Amino acid sequence: MTVTGTDIVELDRIAVYEALRVVELAQDEDWERDTPCAGWDLRRLVAHMAAQHHGFAAAARGAGGDRAYWQEPQDMGDPARTHRAAATAVLAAFAEPGATEREFALPELGASFPGGTAIGFHFIDYVVHAWDVAAALGVTVDLSKDVLDITLVVARLVPTDPAGRGPGFAFAPPLDVPPGTDPLDETLRLLGRTPEQWPAKSR
């Protein structure tokens, strides 16, 4: 999954910062809210996000094959703080010189990938997870049209093989895309989300 002519590290940073922004909006009473990730409340979703950050940071430094780095944090008493620390770690790892040229071992996908491709996986994951959090909180994501256009390009490259979609995988099976769908909603539908079931409401 490679999108030529783009700075994937910068795009990923934008997505991660947007996810940070919306997670920081959550109040104490929000952590048990349902999310677009079936069966996960907001606390569990943010635990997953933190685990993925730590796992990808380890992968960027050659240790992604150790599944210990991909475990969800045990202490989720302060989800926003835990998520912030994990995001800081992954952004630092991706910013290291040569990160895009390294091989990232991603055990959940059962393979290693060139760094640029792996960071592309992380990028689209965090655009979608930023939306997941925002949808759970009833707010909207704030990403530019340029970023969302590239997100859609990447989403169209995600394999649709049913063997890799559904429960236990990053994305559900793709949904039909009605004509005239905007880039964010098309991305979400291609990755199995149902944006129309999560109308953003102001808090």
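The values are calculated or read from the model by the stated rules, or taken from the named source; none is laboratory data. None of these values were measured; they are calculated from a predicted model. Heads up, the Cβs are rebuilt from the backbone with ideal geometry, glycines too, and the neighbour counts pull from every protein chain shown. Heads up: the accessible areas ignore ligands, DNA and RNA and are worked out on the full protein's heavy atoms, side chains in. Shrake-Rupley method; radii C 1.70, N 1.55, O 1.52, S 1.80 Å.
Only one of the listed residues (193, 165) is open to solvent by less than 40 Å² (accessible area, probe 1.4 Å), of a type in the set (Lys, Arg) and at pLDDT below 90. That residue is 165. In region 109-126, the residues that are farther than 19 Å from residue 155 by Cβ form Cβ pairs under 6 Å with partners that are open to solvent by less than 10 Å² (accessible area, probe 1.4 Å) and in a strand (DSSP E or B), at six or more places apart or across chains, as follows: 115/104. Residue 105 passes every criterion in (1) open to solvent by less than 20 Å² (accessible area, probe 1.4 Å); (2) modelled with pLDDT of 95 or more apart from (1).
Per-residue answers, yes or no, for (1) without any contact (Cβ under 8 Å) to a residue 24 or more places away in the chain; (2) open to solvent by 10 Å² or more (accessible area, probe 1.4 Å); (3) closer than 27 Å to residue 188 by Cβ:
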site	(1), (2), (3)
34	no, yes, yes
45	no, no, yes
50	no, no, yes
65	no, yes, no
70	no, yes, yes
77	yes, yes, no
82	no, yes, yes
86	no, no, yes
91	no, yes, yes
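The single condition among (1) over 29 Å from residue 29 (Cα atoms); (2) out of contact with any Phe, Trp or Tyr (no Cβ under 9 Å at 6 or more places or on another chain) that residue 113 does not satisfy is (2).
Residues that are assigned to a strand (DSSP E or B) and more than 16 Å from residue 119 (Cβ to Cβ) do occur in region 26-35, at least one of them.
Per the listing 80, 111, the residue uniquely among the aliphatic types (A, V, I, L, M) and modelled with pLDDT of 95 or more is 80.
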